[in-house]
Every structure is written in C-alpha cells, then in structure tokens.
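Throughout, read-outs are computed from the coordinates displayed, never taken from laboratory work. Keep in mind it's a predicted model, so treat the numbers as computed, not measured. Quick reminder, even Gly has a Cβ in these numbers, built from the backbone with ideal geometry, and neighbours come from all protein chains shown.
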Amino acid sequence: MPKNSQSDGEMLKGTLDMMILRTLSTGDAHGHTIAKVIERTSEDVLEVEQGSLYPALHRLENRGWLSSYWGASENNRKAKFYRLTAAGRKQLVREKSRWSRMAHAIALVMGEHNSEKVTEEGAE
Amino acid sequence: MTGFRFFRRRRQDIDLTEEIAAHIEAERAENLARGFSPEEADRRARVKFGSARRVREDIWRQNSVAPLENLVRDLRYTIRTLARTPGFAITAALVMALGIGATTALFIVVRSVLLNPLPYPNSSRLVSLYESDAVSNSPTPWDPVAGGVFNEWQRATHNTAQMGFLSPWQSYNVSASGGQLPESISAAFVSWNLFRVLGVAPALGRDFLASDDKPSAQDTVILSNSFWKRRFAADPAIIGKSVYLDAKPYTIIGVMPASFAWNFNAKTQLWTAAAHEAPYLMDAFGNHEFLVVARLAPGATLTGLVSQVNAVEQNIKLAHPEPAVHTRAIGRSLLDATVEDYKTPLYALLAATICVLLIACLNVANLLVARSAARQKDLAIRAALGGSRWRLIREHLTESLVLSTVGGALGLLLAWAALAWLAHSKIGLARAQEINLNWWAIAFVIALSVITGLAAGIIPSLSLHAGQLLETLQSSSRSHSAGRSRARLRKVLLTAEVSLTVVLLLGAGLLLKSYQQLRTRNLGCAIDNLLTLQVSLPDVHYGKPEQNLAFFEQLLARVRSLPGVQSAGISSTLPGQGWGGDSLVTILEHPPLTKGQGIDLMHRRADPGYFAALQIPLIRGRYFRNDERLDHANVAIISESAAKQFFPGEDPIGRHIKEDSHAPVQIVGVVGDTRWNITEPMRPTFYVPLFSGESDGAGLAVRADSDVDAESLALPIQKIIGQLDPDLPVADVMTMRQNIGAATLQDQFNSILVLAFAIIALVLAAVGLYGVLSYLVTQRTTELGIRIALGAQRAEVMRLTLADGLVPVLLGLVAGLAGGAAAVQLLRTMLYGMSPFDWTVFSAVVIVLAVTAACACITPAWRASHLDPATALRAE
C-alpha cells in the first residue's frame, strides 16, 4: 500500500467510534461489514484500520453503547453481530452535534488562516 | 463492572479470537469473489487485517486494571516462589498462625471478660461498695459490709443511689424428692431489690417484694435457670410449687433468665431473701456478710457516693467502737469487682502472646532477608534492567502478606479451638460464658495479618538499597563484603528476637517456679491418701446440740470402723478448703487492748481425733478429750503462729480467750499451723470442740490405709451418711490432692501456657540463629577458604564464626534481662511468696539461652572450620 494513501485515509481521533455508531444505526452488523460500510460510504477515502476496529468495538460495548450476539453472516458463517443500544443512540446524537460544531469551527478557521500551519497540526 | 470484565478476560479473548477468524474468513471470501487465487486471497486478507495478536493484546489491556493485574501477577509469582521451598513456607505460616491465633484468642478473652460492659442495662452506672479497715489483716481491702451498716448507708444515700446487696457464699441442702438424690447447693441471700438494682427480672414468675424480705414473711425462693432445668426438668408450671431447703418447704416465686448466669458466684443455684433467712445479720455492725451493689442516680459519681457512705461509716464507728466495726468505706465499679482478679493474669498472658507474635514476625522477616540475600544478584540485574525498586519491595510484601494471610486463617481456627476449649475448661474464669468468637475476632485477625505481613515484609525491604546495584553486580566471589549489610540487619533482628525470648523465659520461669512451690507447699497436714467431703446439718433436725453431737459421733464411729480406714476426723472447715470464718477475741489474762482493736483468729471446730487423723502435730499441751462436750466444752486449742504472735515469751496453756458474747474458753493445747487456702499465707487459728454440738457445716477427712485407694472409700462413706440421714446430701467428695490441684488450676494453666510460649520463642530464636550463622558461613566460604589455605588454625576459624553468632545473642540477652526485670514487676501479684527477682530463675534463663545458642551455632561454626580450602576456593 502506498505510504501517502495511508496517511490520507487515517482518521481523525475519536471519529471511528462515531462512525461505528452511525453505521450500526441502520441495522445490526458484524465487524467486517462495519469496516466495509465505512470504507464504501466514504467512497474509499477512509480506510478502517482493522487493528483499531475491534478495540473500538469492545470499548463501545463496555460503555454500554453496543450489545453483541453471535449469529450467522450473509454467507452463512458464524459471526459476531453488534447492535446499537438506546444509550448508544443517544451517544450518536451527541457525537453528531459535537462533530458538526467541530467541522463548522474548522471550516471557519480554514477560511481565515494560513492553511499550511493547520495541515501540520492536523497531520500530527 | 471493571472488576467483572477483569475476571472475564480469558473468556472474552477466546471470543475475540473467533471473531477475528470470522473477519478474516469474510475478507478471504470477498477476495476469492474478486478472482484471486485461494493462496493470494488468504494472504491479502491477513495482510489487510494486520496483527491479530496485537488486537487481542490491546483489548486484553483495555479490559485489565493495572493494580489488579499487578497483584495477580505478584501473587502468582509469590506462590510459585513459596512452592519451591515448601519447608520454609509451611514453617513460616505455622509460626504466624501460632502468633496470630494465640494473640486473637487472648484478645477475645480480654475483651469479653475485662472490657465488655456487664450484661445489665446501663451497667456502667453499677458500682460495688465495701467496708475496709486500716488494721484489718484480711487478704484484700475489700471487706463485705455488715447489715446494720448497709441500712445506715441506704438511708443516707437514697438520693444518689439505689442500693441492694447479696451474700453469695450461702448453701442449702435440697431434700431428696421425686426420686432425686438430696444435694447441697450454693445459694445467695439477697436484698429484695437486688435484681431491680441490676436491672434484670425473672423470666418466669415474679421478683422479690419488700414484704418477702421480712423475718415474718413466708419462705420464698427464686431459682436459677440451670437449677430449674436440671432439677425440675424446666417445668413451666413451677411457680407456686415448693422445694425443700434445709428440710423446710420454700415457695418458688420466680425463675431467672438463662442469660443471668453470672452473679458473683457462677455456682449459685437459687436466691432467698436475706432479712427473712438471717434476721440476726440485718442489724449487726461487726458481722461483715454482704456485697453491696449500687446503681448511681443520674449525675451521681462513684467518688461522691463513696465519700457520702464514708462519712456515715465514721459516725457508725463513733457510735459502735467495737473492734469488728470497720472505719471506712471504699468502692469500685461492679465490672472491676467482677474481674479484678483476672486482670493481671490475662494481661500477662496477652503480653506473652504479643511477644510470640513479634518473634514470629521477626523470624519470618529474617527468613525473607535470607531469601533476598540468596537472590541478591538476580534482584540487582532486574533493578538494572529497569525493574522498579517499588516492584521489588512489593514482591517482599506480597510474599509476607501471603504467609501472614495463610497464618491468619490458620490462626483463626486455632483461636476458635482455644476459646472452645476454654469455655469447657475448669479454670473458673469469671464471665466465661460471655466469651465467643464473633466479628470482632475476625476483624482482629485480619488486622493482625495485615500488620504482621507488612511488618515482616518491610523489614527485609530495608536492605534493598538503590545505590548498591552496581556494587552488587560487580561483586564477585572474591569480594568479601557482599551481603554484609544484610547480615547486619539479620543480626539486629536476631538481637530483638533473643531479647523477647529472654523476657518470655523469665516470665515462664518465675510462674513455673511459683507454681512448683505452690504444689509442694506445706498445707500443714497430711495430704496423701486422704479423702474429704462436706456435710451440712439443717437446723430443723439438728438444732439441738444433743442431736448435732449424736450425728457426728455416730458418723465418726462408723467411718472409723470401715475396713481400709486408718483414721478419720471432722472439722468445721478442713485445711485448704476455704476461709471458714474468723473471730475477734480478747485474752482475759492480758491487759485490755486499746478501744476498737481485737485479735483476729481463724475459727475452727474439731473433734478429739481430728489432729491425729490429719497428722497436725501437737506442740504443747493436749488434744481435746472425748468428755469435753456440750456444756463441758469450754476449752480451746490454738495454732503455733497464734501462740507465737499473741503469747510471746509466755506459756499459752491455761490462759483464757474470749469471743464476743461467748463464755471464755481455756487453752489446753498448741498445734501446728495449717493453711486455709494453699495460695495464701498461714493465719493464726483457734479450735474449739466440735462436740459442743453447735457446728452445722463440717468437713470429714478420712485417711485410708496405705494399701487402700482413698477414693474407693467414697461410696461406703456416702452409704453410711445415707443410713444416718437419707435426706442429708454429701458435697465435694474428693481427695486432698485433687482439692489442691483444683485450687492451683489457674496457676498451673498460666505457668504452662507461658512456658509453652517461651519454648516456642526459644526454638524460633535458635532456628533464626542457626540460619543467620549458616548464611554468614556460606557468604564467607571463599574468604575462610583463603584463610585456611594460608594456614589459619581451624580452632581460630571456629572461634571467629562462633563470635559472629554469639554477639547478637549476648546483646539480646543483656537487653532481654533489662527488659525482663521491668516486665516481671507486673507478675508480682501472680507469684506466691517469692520475689520477681529470683536469682535462680534469672540464672537458669541465662544458662538455657546460652546452651541453646551454643547448640544453634556449633554446626555452622564446625562446618566453617572444616572447610576444604580447595573446594572453597573453587566455589562460585
């Protein structure tokens, strides 16, 4: 994999959790599907690093935002499905509004200041 | 939640592995669908996922709690280490168990007996009052109160206190009834309000009323719960029925609750009203019969109450200057009155167990130091590689805490067993029924385990100096200073251990010697093959002197004619069997004493054959004659100490002594002294003839032929008594030796217990000493090898090594003797007729310790002196 695409696809910290919650809000899914859905919906810009997907899933489950169960996948294999809980749904709303505030703020900053400096910080 | 996840980590990890496999499988299936070859599909799937192990580790760490994680790791490590040296682990845990168990048991006893409030409502307001006399020579200052005095006290203090009394040393004959044998039981005379003052009420029936407590009232009695259960099978309809006491019917008006077991005399079976039973005691001023219990009114204090009654007492003395009337009043809390006698022994035992615990702790610390010394390099390397110092200390702590926890658990079992045994033993401890293992004990065990574990773990950690790392790593077999600081630490520990051991040995030695002296103490009469028993003649059938005399005469004649009986005698109270009563007398031939003074003599009645039967030697004059009976019984025999004390330089024979309100009696003989209690000093005594027919209670002593077992005579003698009077109970049938054994049981218990502790301490100290010296020799193997190779004499090497081990012993011995000299002061009241500074005991302790230390040191020293230099130099 080319080096620059890796840094391109790298996600902003904390956004993976939000995107997992968002993905599951349309229905239960297992880890592989979640990764696929995120990559596909972002038009393959974002690449879910699998090393962080599962720790994130466990973290969200431990916080009570997700629940899990073993079921059969689309090609009839055993897979662990995740489901958004009521608390998770509320969390998604919170994260969404936090994200839009943030995106708005960043847009403001980007509109007024030197872009190079921001890129440096963002890439850090 | 977190903790829960922590313990489910392994299960979760298995789950996760499966999940990851499923993920990779899905990816692979997709790749296949894209048209890759199976191998390529698999490879791509795995590359894309990255390291499954890292994901698992991440989640594992996410689910773990750092301190808990460390704890589990430390525990696992410790258990592995301990399992590698099971001998050490088991010894250390057992030593800890012993220390913790003994200390816990004693703590519970001290708490339940000495510290817990008495089981009465608001019991801190209860006090006990006594009379006392500056010139009185009774064994304690706490003299009982006379009935007349009590009445005056009560009248003067009705605003400050509610006052009642009891006389717990009474007894009754319960008549044979309903197929049950007659028996003699302990009882107490009480004022009608005593139970109200204490705040307890009968479980069945009613309490005494003022109208029951009069000479003219009906005969009434309140039973103890145990007597009711035993003698009346817990009959629920007992109230209103009668029981024959001393051949008179008494109406049962109440039964006390089972919880009311303690009552100044645990053997008390029933209570009767004092003024009804003994009206003659109620207005006497010189007849000290009653223990006074008072409940302080709100706002009143013990000191205030005592000064109030003291003022009354002084007025009484002015109005009644007779010698038997006391001059002052004293008081103490009821709790103190109950447990005063047990304070010193219990605190002494507690101190001894704490010593054992400390020694156990020091020993475990010592063993841990040895352990860490052996692993010095290993630890240094770990420290150099970045293992934190705290981490190393934590290892020590975990190790000692594991040991102390196991020790604590075993100790709890030990304490439980000890308390269960104590509850059923015959030590006669006050409030023994209140002792039980409760949450306090468990909390105490946990606290002790943690404290000892921390203490034993922190001491060895002191030797983990951060700065020494490099030195330790550099130190090779050729450097001889390695481990010196550790050895010094062990020597300090050893010194402390030895000094504690010396203190314990001193205490044990003193108690044991005192007990031995007590056992061999001369009671003043024959004690071998001697059977004793008690009878008490009720007034109803034996009120007339002729009846009384006839009974004793027949009894003696028939017992003496029994086969196997060598001789028999009767006295109102036999030697070693109790106070039995004293009298204030004057000597007619002597000038009158100053007003208010009298000669206090123990008062006994004896039959003519008594002194010969008990082998009490005749010193001057003669024994009683058979015809000195009834109206012709105006003679007396005095003991040797009475003769010496009150007739110095003159012949007492022919002199007359006079008791208050009795006709004077002429002294006809002087006999040897006897003790009224084996643990107490001799007291001057006078005897008057039993055949005067006035004695109601009597002790029969029967000496068996040398080829006959005295105990085998018990049954035939009881049969004779049964034939003389089928309704007369026989009490306390036992040999004189058993009697002495019972009287000294508590001393035996104390001395054996402390001795056991001292022996344990000695063994631990010896083990510690051996360990330290062996370690030192191992440390110095190379050095010693060089010395020997260069021509050092083996004797010299041995001397060097011995000195190394014996210096801490010597220091410990000196410290221990100094500490012991202070500590044994506390034992003063537990020692009979000996000073706590008994040089034989002190020197015996020094010798025992020196010999033990020498034995412990000799093996390592010998090994050192017999090192083969070639092997020694090649070591390491």
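Miscellaneous remarks
- The Stokes-Einstein estimate for segment B:773-822, based on a Kirkwood radius over Cα pairs and taken at 10 °C with 1.306 mPa s viscosity, is a diffusion coefficient of 127 µm²/s.
- Each of B:Q738, B:L769, B:T782 was scored by the projection of its Cα onto the charge dipole of segment B:720-876, and the greatest displacement toward the positive side belongs to B:T782; charges sit on the C-beta of Lys, Arg, Asp and Glu.
- Segments B:7-17, B:714-724, B:506-516 sorted - mean Cβ within 10 Å per residue, highest first: B:506-516, B:714-724, B:7-17
- At 0.890 mPa s and 25 °C, Stokes diffusion of the protein assembly as shown via Kirkwood alpha-carbon radius, µm² per second: 66
- Ordering of B:730-738, B:151-159, B:396-404, B:122-130 by burial proxy (mean other Cβ atoms within 10 Å per residue, highest first): B:396-404, B:122-130, B:730-738, B:151-159
- Ellipsoid equivalent to segment B:506-618 - semi-axes via the Cα gyration tensor, in Å: 30, 27, 14
- Shielding by partners for peptide B:15-26, expressed as the average number of C-beta atoms from other protein chains within 10 Å of each residue's C-beta, is 6.
- Global geometry of segment B:625-770, whether rounded, prolate or oblate, following the gyration tensor of its Cα atoms and the 1.5 cut on a/c: oblate
- Working ranking of peptides B:566-579, B:647-660 by packing, defined as the average number of other Cβ atoms within 10 Å per residue, highest first, is B:566-579, B:647-660.
- Distance from segment B:202-222 to segment B:537-582 (C-alpha centre basis), Å: 33
- For the residue pairs B:K248/B:K317; B:K214/B:K544; B:K317/B:K544; B:K317/B:K658, the C-alpha atoms sit more than 31 angstrom apart in B:K248/B:K317; B:K317/B:K544.
- Charge dipole of segment B:270-420 about the Cα centre (unit charges at C-beta), most positive-ward option of B:V369, B:N315, B:P345: B:V369
- Taking trypsin sites (Lys or Arg not before Pro) across segment B:588-641, the ones in a DSSP loop with at most 14 further Cβ atoms lying within 10 angstrom of their Cβ are B:K595, B:R622, B:R625.
- With a 10 Å cut-off around each Cβ of B:49-59, the average count of Cβ atoms from other chains is 4.
- Likely footprinting exposure, B:E131, B:E796, B:E553, fewest C-beta neighbours within 10 Å first: B:E796, B:E553, B:E131
- For residues of A:55-68, the mean tally of beta carbons on other chains within 10 Å: 3
- Segment B:728-776 shape via C-alpha gyration tensor axes, a/c threshold 1.5: prolate
- Cα long-axis angle, helix B:389-424 against chain B (0 to 90 degrees, to the nearest 10): 30
- Those GluC sites (Glu not before Pro) in segment A:51-103 that DSSP places in a loop and that have at most 14 other beta carbons within 10 Å: A:E74
- Using alpha carbons only: equivalent-ellipsoid semi-axes of segment B:113-237, gyration tensor based, whole Å: 29, 19, 17
- Over chain B, Cα pairs under 8 Å with separation of 6+ residues give a relative contact order of 15 percent.
- Scaling against 2.2 N^0.38 Å puts the C-alpha radius of gyration of segment B:173-292 at 1.03.
- Relative to the longest principal axis of the Cα atoms of chain B, the long axis of helix B:334-374 makes an angle of roughly 20 degrees.
- Over chain B, the pair-distance histogram of Cα-Cα distances with 10 Å bins from zero comes to 2, 10, 15, 17, 15, 12, 10, 8, 6, 3, 1, 1, 0, 0, 0 percent, rounded to whole numbers.
- Computed from Cα positions, the angle between helix B:714-724 and the longest principal axis of chain B comes to roughly 30 degrees.
- Alpha-carbon centroids, segment B:344-367 and segment B:679-737: separation in whole Å: 46
- Spatial separation of Cα centroids for segment B:793-813 and segment B:418-456, in angstrom: 41
- Remark on segment B:255-334: Rg and Dmax equal 15.7, 45 Å (Cα only).
- For segment B:665-728: rounded, prolate or oblate by the Cα gyration tensor [a/c cutoff 1.5]: oblate
- Test item: Cα-centred dipole of segment B:1-141, Lys/Arg +1 and Asp/Glu -1 on Cβ, debye: 440
- Listing B:M282, A:M18 from fewest to most neighbouring C-beta atoms within 10 Å gives A:M18, B:M282.
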